[in-house]
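Shown next, in structure tokens, is the structure this report addresses.
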Amino acid sequence: MESKASLKRQHILKSATDFILQNDFNSLTLDSVAKQAGISKGGLLYHFPSKEALMIGLAQYIFEKFNMQFNVHANKENPIEKGTWCRALIEVTKWDLEHNAELNIGLIAASMLNADVSESISQSYQYVQNKVEQDNIDPITATIIRLAIDGLYYSELFNLAPLDENLREKVLQQLIAMTK
């Protein structure tokens, strides 16, 4: 059972996530998160003594949620079936690109300014990479799929020739076909 402090911390991180999705990443302040969470700024500072600490917590929270969904999708299939983890990554990425774009942009930007945020993101990527490499398909193909997904994120998050919805869906379907 989670402690009261842990639950409060989770509530703050969910509130910060909701704030970013409702507004934008650049509007995020400790005051705005405290207000969104319905707590005092002092209550927020107890759990996150600085905006930097909040950003590190937020990066960990977002990637924990991503990894949890990644595992849920993979466990819907037979884990020894060829391509299970790669398909899970594709499905979670599809949802994430459609629903969390502003959040992802902010986290990537924050990671460039803070080595701790970058390290947290790197650990999450390593977890995904390890899973797809052990996916009963050629590890090179699995890695190409992961790198193609990284490219989709890069293109969409930084608005660098993003694909229209139809072409993005076709690319994701082609990636799924590569898992079989």
Checklist entry - List the pairs whose first member sits in region 21-34 and is within 19 Å of ALA101 (Cβ to Cβ) and among the aliphatic types (A, V, I, L, M), whose second member is at pLDDT 85 or above and open to solvent by 30 Å² or more (accessible area, probe 1.4 Å), and whose Cβ atoms are under 9 Å apart, counting only residues at least 6 apart or on separate chains? => result LEU28/LYS51
Checklist outcome for this item: Screening ILE62, ILE12, ILE39, ILE56 for residues that are surrounded by 15 or more Cβ atoms within 10 Å (Cβ to Cβ) and within 30 Å of GLN173 (Cβ to Cβ) leaves only ILE62
Next on the checklist: Based on this model, can you work out whether SER32 counts as polar (S, T, N, Q) and either in contact with a Cys (Cβ under 7 Å, 6 or more places away or on another chain) or more than 29 Å from LYS131 (Cα to Cα) (or both)?
Outcome noted: yes
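Yes/no matrix, rows are residues, columns are (1) in contact with a helix residue (DSSP H, G or I) (Cβ under 7 Å, 6 or more places away or on another chain); (2) under 28 Å from ALA53 (Cα atoms); (3) charged (D, E, K, R):
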{"site": "SER122", "(1), (2), (3)": "no, yes, no"}
{"site": "PRO139", "(1), (2), (3)": "yes, no, no"}
{"site": "SER155", "(1), (2), (3)": "no, no, no"}
{"site": "PRO162", "(1), (2), (3)": "yes, no, no"}
Checklist outcome for this item: Considering region 141-162, residues that are assigned to a loop (DSSP other than H, G, I, E, B) and under 20 Å from the mean Cα position of the chain (by Cα), and then whichever is surrounded by the most Cβ atoms within 10 Å (Cβ to Cβ), we arrive at PRO162
Checklist entry - Within region 15-22, can one find any residue that is modelled with pLDDT under 90, over 16 Å from the mean Cα position of the chain (by Cα) and open to solvent by 50 Å² or more (accessible area, probe 1.4 Å)? => result yes
Next on the checklist: Could you tell me how many of the residues in region 23-32 are crowded, with 19+ Cβ neighbours inside 10 Å and over 26 Å from TYR125 (Cβ atoms)?
Outcome noted: 0
Checklist entry - Quick one: which of ILE149, ILE137 is touching a residue at least 40 places away in the same chain (Cβ under 8 Å) and either farther than 20 Å from TRP95 by Cβ or among the small types (Gly, Ala, Ser) (or both)? => result ILE137
Checklist entry - Taking into account only those residues within region 127-140 that are part of a helix (DSSP H, G or I) and of a type in the set (D, E, K, R), which is farthest from GLU64 (Cα to Cα)? => result GLU133
Checklist entry - Can you find even one residue in region 77-100 that is small (Gly, Ala, Ser), crowded, with 16+ Cβ neighbours inside 10 Å and over 28 Å from LEU58 (Cα atoms)? => result yes
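The values are calculated or read from the model by the stated rules, or taken from the named source; none is laboratory data. Since the structure is predicted, the reported quantities are computational estimates derived from the model, not experimental observations. Virtual Cβ from ideal backbone geometry, glycine too; neighbours counted across all protein chains shown. Heavy atoms of the whole protein, side chains included, go into the accessibility calculation; ligands, DNA and RNA do not. Shrake-Rupley method; radii C 1.70, N 1.55, O 1.52, S 1.80 Å.
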